Structures are given as C-alpha cells and as structure tokens.
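Just so it is clear, none of the values below were taken in a lab; they were calculated from the coordinates. This one's a predicted model, so the numbers in the text were calculated from it and none came from an experiment. Reconstructed Cβ throughout: ideal geometry from the backbone, glycine too, with neighbour counts over all protein chains shown.
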C-alpha cells in the first residue's frame, strides 16, 4: 500500500510539474517578446513599464481573495479553469494579431485579464504542492519545480525570437494559447481529493477567513521580515529584466533579436543552475539562512557589475556589438538569475513548512501580494526614470539602495546565528 501511495503521489507531482513547465514555456515565449514588440509598435520605455505594471498589479490585487477561495474550493478545479480561460484570452490575441487589428491599448487590456487569472491560479498551485510530497522532500520538490520552470524558459527566448522574426507576433500568441490548453489538460489528470470539511471554512465568513490568514502572517516575525525584504528587492531587481534590459538592448547595443534570445537564455540557465544547486547543497538544511547569505551576496556583486557594463565608458572600451561584451553581459545576468534562486527557493520552503495546510493558499496569496507588491511600481518608476535619467545612473542608484537593504535585513540574521553557535 505504501509503494502504491508513493507512486500515486509521484504521478500527481509529475503532472503538476509538467503542466507548469508547458505553460511557463508558452508564457516565457510571449513575455520575452512583448517589450520588443511594444517598442517596434511605437511604444516608449514608459509603455514597456506600464505593460510590466499591468502584468503584475492585477495579480497582486486579486491575491488575497484568491487565497481564501484557494482554501475554500477545489484547488485543482481552480487551476484547470484559469488555464482554460487564459488560453481563450491569448488565442483571442492571436486571432486579432493575425487579422492586423492589434493595438497597444487592446494588448494592455487583455494583459490585465491574464494577470487576474494568474492571481487565482498561483495560490492554488502553491497550496497544492505540499499535499503531494512529504515535508522532508518539500525543499527538493520546490527546487525541482524551480529547475523545470527555469528549464522551460531556457528555450523560450530563442523560440520566441525565431517565431517573432519569422512569423510575427500572432504565432507567439498562438503557441502560448496552446500551452495553456495543455497545462489545463495535465491538471485535469491530477488525482486530488478536496475535502471542504477538512478546513471548515464554510462555517466562517469570507472576511473572517482573510483576516485569519493575515493574522497568521502578522504572528510570524520571520515571515513578516521575508515579506518586507522581498517587497524592496523585487522592486529593484525584476524591472532590470522586464524594462531596463530590452530598452538598453534596443537603444545602445547592435545585436539582432536572436542575440537577445540568447541573452534571455543565459539568464534562465543561471537560474536553472541556482535552483539545482539549492536542491543539492541545501536540500536537507533546516534553515534558510546559509542560502540567503549566498544569494544576497551574489545579488549585490552581479547588479554592481551590470551597472558598470551599462556605462558609456564600458561600451567604448569593449564595443557594443562584440562577442566579448555580449559574453560579459550574459555572464553577469546569468549569475544574477542564480542569485535569485538562492534566495527564493529556501524562503518558499520555509513558509510552506511553517504554515498549516488549512492556511496555505491564503498565506501564500498575502505573502505574494506583499513581497511582489513592489514589482509593478518598480517597473513604472524604472520606465519613467529612464525617460529622464541615463540607464547606467538609474541602475547604479538601484544597486546602492539594494546594498543598503540587504545589509539591514541580513545583519539581525547573522547576529542571531552567531548567538546560536555560541550557545
């Protein structure tokens, strides 16, 4: 019986991982091309920043409500429904683009809908994962999930650049829409039994459930600190990939779109390496602190190196169309991707282990809303700042602020760890 249960759980986990991998591949293909498409369609840095804002903000706004429904309703059904709805919206974009009726306003409006749907999908997925594996294997499961999601994104930039260059943006939307259909089909096959009585949420009011989830987070000092740290760090780092890089690539570098795809691939390979190393080196660690220190240090080093490469003097010395400059830029961004995994994976595992199952979706939805809340505003600020301030000064200022935040966050953790060792 034990072997049969273990096989069933592994099969369910495999289906979950496959669905995420397929949909993440399609989403990666689309999202890596959108900044280039917006610029080619006449948009500015502010428009790219607005697109990034609308890709994130609706998700964050719906997170608290999605968390309550994720604990009340069948998480599997939520995943299937949102996948199918996302497929319909994105295939609609493909149809409009194919008939040459696409405009930026319509694209932004549809992105809001897709973002809202993801806001319901994500807490349900994170709430389901701890039910498919044992607590001892949760870190490895999260690392595998991060690795496969990153692996799916490795090919996305190259595929996206090839599709966009050869067939146009309609083909990009078509592939992404099909990927959501496949993801929803995979989720249907997961053997998952939702028991409403297990949580007893039907006896409470919606706002009572939401307040209970918020109260759990407020009662955990560690989770509060992680949320605050990520709020600032995400606002500073994520727009580098979504706003700064495509604008800098288009305006200051002389490479083709295919090279842009290779650059995105390097970032994801770094993230893949980071997630694998976290699973191998820190898979059995009970604390997130060792991985956090390494991740924060790498973030500081790589963002500083990235800022230096953006300076006109660096372009003058190395050339803005040389293999040497491209290799250096790709290497720096690759290590930055790895650094993010060293921080994200252990923190996510810590929260999953510290949260009872009946609170899981609510806690992750609220944590996601808080920790990622800075990302859309960071994208907007970057977008408007880059219209007024040179890109190298903008990134250098963000880097210095990140150094300050990291030191403030890590200092108490280091002190607590030293006290534990001494005792």
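The table for this structure:
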{"quantity": "Theoretical FRET efficiency, 1/(1+(r/R0)^6), r = Cβ-Cβ of residue 11 and residue 65, R0 41 Å, to 0.05", "calculated": "0.85"}
{"quantity": "Computed label-point distance, nm, for sites residue 258 and residue 354 using a 7 Å Cα→Cβ extension", "calculated": "4.8 nm"}
{"quantity": "Contour minus Cα-Cα distance for residue 280 and residue 228 (0.36 nm per residue)", "calculated": "16.0 nm"}
{"quantity": "Computed lengthening from residue 208 to residue 165, 0.36 nm per intervening residue step minus Cα-Cα distance", "calculated": "10.3 nm"}
{"quantity": "Two-decimal Rg/Rh across region 56-125, once Rg and the Kirkwood Rh are taken from alpha-carbon atoms", "calculated": "1.06"}
{"quantity": "Spin-label pair residue 185/residue 321, simplified geometry with 7 Å Cα→Cβ offset, distance in nm", "calculated": "4.5 nm"}
{"quantity": "At R0 = 30 Å, FRET efficiency that the Cβ-Cβ distance of residue 301 and residue 408 yields, to 0.05", "calculated": "0.95"}
{"quantity": "Area projected by the alpha carbon convex hull of region 216-345, averaged over all directions, nm²", "calculated": "8.7 nm²"}
{"quantity": "Additional length obtainable on full extension of the chain from residue 220 to residue 313, 0.36 nm per residue less Cα span", "calculated": "28.7 nm"}
{"quantity": "Sites residue 131 and residue 88 - FRET efficiency at Förster radius 35 Å, r taken between beta-carbons, to 0.05", "calculated": "0.80"}
{"quantity": "Simple spin-label estimate for residue 387 and residue 95 in nanometres, 7 Å along Cα-Cβ", "calculated": "3.4 nm"}
{"quantity": "Cα-based equivalent ellipsoid, region 287-353: semi-axes from gyration tensor eigenvalues, Å", "calculated": "32, 10, 7"}
